[in-house]
1. Do we have Thr132 as under 26 Å from Leu42 (Cα atoms), touching a His at 6+ places or on another chain (Cβ under 6 Å), of a type outside the set (Lys, Arg) and at pLDDT 95 or above here?
2. Taking segment 73-119 only, how many residues are among the charged types (D, E, K, R) and closer than 17 Å to Thr132 by Cβ?
3. Filter the helices (runs of 4 or more DSSP H) completely within segment 48-125 down to those with at least 3 residues that are surrounded by 14 or more Cβ atoms within 10 Å (Cβ to Cβ).
4. What's the number of the condition Asn149 fails, among (1) closer than 14 Å to Ser28 by Cα; (2) among the polar types (S, T, N, Q); (3) without any contact (Cβ under 8 Å) to a residue 40 or more places away in the chain; (4) touching a helix residue (DSSP H, G or I) at 6+ places or on another chain (Cβ under 9 Å)?
5. Looking only at segment 116-147, which residues are within 22 Å of Thr170 (Cα to Cα) and charged (D, E, K, R)?
6. Being of a type in the set (Phe, Trp, Tyr) and in a helix (DSSP H, G or I) is the filter; apply it to segment 126-148 and report the residue that is surrounded by the most Cβ atoms within 10 Å (Cβ to Cβ).
7. Quick test of your reading of the structure: Leu151 fulfils all but one of (1) within 23 Å of Val80 (Cα to Cα); (2) surrounded by 14 or more Cβ atoms within 10 Å (Cβ to Cβ); (3) not polar (S, T, N, Q). Name the failing condition by number.
8. So which residues in segment 10-47 are in a helix (DSSP H, G or I) and at pLDDT 95 or above?
Amino acid sequence: MKTPLDQNAIILSMADCFTRDEKAIYCSSELTTGIRLYTACLDNKLTDRYALADKLGKEWLRDNVFKVNETEANRFADEVQRKRQHTTISPAALFVPEWGQHDYLGFWDKLIRTRIREVHFNENWQYSNGCTFEYSAARYAGLPTYDKNGLPLTPAEASKMIRQAIDLLTTKGIDTRKLEEHRNQIG
């Protein structure tokens, strides 16, 4: 079995096939966490996705949260590509059965640092653990960041948006430790 590092190298080289030595635009969207997930949890009087999966089933969670998020993520990447006339990368299609969240985040961090020229954030990105991590990674890499309308998304504005998401989710009993961790990394 290949290690996550071996798989990273393979997937990164595949990305190079599409970008051909030109850095791409990364399009960040909620996938496995975010407002759609938290709304489904709260509608069912729950506070985490595992309890939601136990109550409604993993298939329900996949079909009503993850697949809907994937469709929206790809739509957003298509929209950015049309507007910017440049190659975009959406994280929605990548699935590696052996990977956990830590492996995915490590991969996206490396991709953002080495093969991306700017990062665009879809609506409600501030509720997503992955998106807030990607914002932090983009800032660390010194990349420009933009909101869903293509306007600059400054660290001050991003931090404020994440803080508001944390405050709202905390009042509902949602665990916001990852959002807080990523907000603190923005500076």
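1. Values: under 26 Å from Leu42 (Cα atoms): yes; touching a His at 6+ places or on another chain (Cβ under 6 Å): yes; of a type outside the set (Lys, Arg): yes; at pLDDT 95 or above: yes.
In short, yes.
2. The initial filter retains those residues of segment 73-119 that are among the charged types (D, E, K, R), namely 75, 78-79, 82-84, 98, 103, 109-110, 113, 115, 117-118.
Those still in the list that are closer than 17 Å to Thr132 by Cβ too: 109, 113.
Matching residues across segment 73-119 total 2.
3. Numbers: elements: 49-56, 58-61, 67-84, 101-115.
Result: 49-56, 67-84, 101-115.
4. (4)
5. If the condition is that a residue be within 22 Å of Thr170 (Cα to Cα) and charged (D, E, K, R), then Glu123, Glu134 are the ones that fit.
6. Selected residue: Tyr135.
7. Result: Leu151 passes all but (2).
8. Scanning segment 10-47 gives Ile35, Arg36, Leu37, Tyr38, Thr39, Ala40, Cys41, Leu42, Asp43.
The values are calculated or read from the model by the stated rules, or taken from the named source; none is laboratory data. A quick note: this is a predicted structure, and the numbers were derived from the prediction, not measured. Glycine gets a Cβ as well: all are built from the backbone with ideal geometry, and neighbour counts include every protein chain shown.
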